[in-house]
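Take a look at the structure below.
Only the coordinates and a few stated rules stand behind these numbers; no lab work does. Please read these numbers as outputs of a predicted model, since none were measured by experiment. Note: ideal-geometry Cβ built from the backbone for every residue, glycine included; neighbour counts use all protein chains shown.
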């Protein structure tokens with residue numbers, strides 16, 4: 001009985017390792033702007049697959065406001081290029097309040113398809129007091145890979161009489 005319980009617990013731990021894999025914090029930086037992946041969660045369960053992306057920018061001496069636009073991009077297995085997806089909360093300009101020194105935005109997307117890779121393309125703008133663009137930048141995040149994971153581990157009962 002004790003051995004069967006230990007095998008069942010070990011199987012559950014092993015199943016949880018196969019069912020949800022998490023990768024953390026990959027950041028690309030370019031001077032006053034950064035883009036990164038805060039979390040990339042893979043799972044055999046579609047609803048549990050997610051990616052959390054971050055974008056951050058720092059004001060220059062003459063910046064009054066900052067703005068960023070985050071586009072979600074996907075590359076399916078067999079495709080050579082990433083393409084932009086229409087997704088809620090993506091593809092719109094988000095503007096800071098006046099006088100902010102650092103502007104950061106965190107965006108999570110869930111229910112990711114697999115197999116596929118996801119990343120964000122972020123466009124940055126530094127604006128003066130009249131709203132004129134002082135500086136522009138554009139960065140891609142690292143990719144969040146959503147592989148096809150094998151089905152959940154199936155626990156077989158021990159043979160009768162064991």
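How many nm separate the modelled label positions at residue 76 and residue 113, each set 7 Å beyond the Cα in the direction of the Cβ?
0.4
Please work out, to two decimal places, the log10 of the ratio I(q)/I(0) at q = 0.13 Å⁻¹ from a Debye calculation in which every Cα of the range 53-148 carries one identical scatterer.
The calculated log intensity ratios at q = 0.13 Å⁻¹ are -0.49.
Report the calculated FRET efficiency for residue 129 and residue 58 (r = Cβ-Cβ distance, R0 = 22 Å), to the nearest 0.05.
0.75
Based on the mean of other Cβ atoms within 10 Å per residue, sort peptides 86-96, 54-64, 118-128 so the most packed one is first.
By packing density, highest mean first, the sequence is 118-128, 54-64, 86-96.
Compactness ratio of the range 111-150: Cα Rg over 2.2 N^0.38 Å, N = residue count? Can you show the working numbers first?
On the way: Rg = 16.7 Å, N = 40, 2.2 N^0.38 = 8.9 Å.
Computed over Cα atoms of the range 111-150, the ratio equals 1.87.
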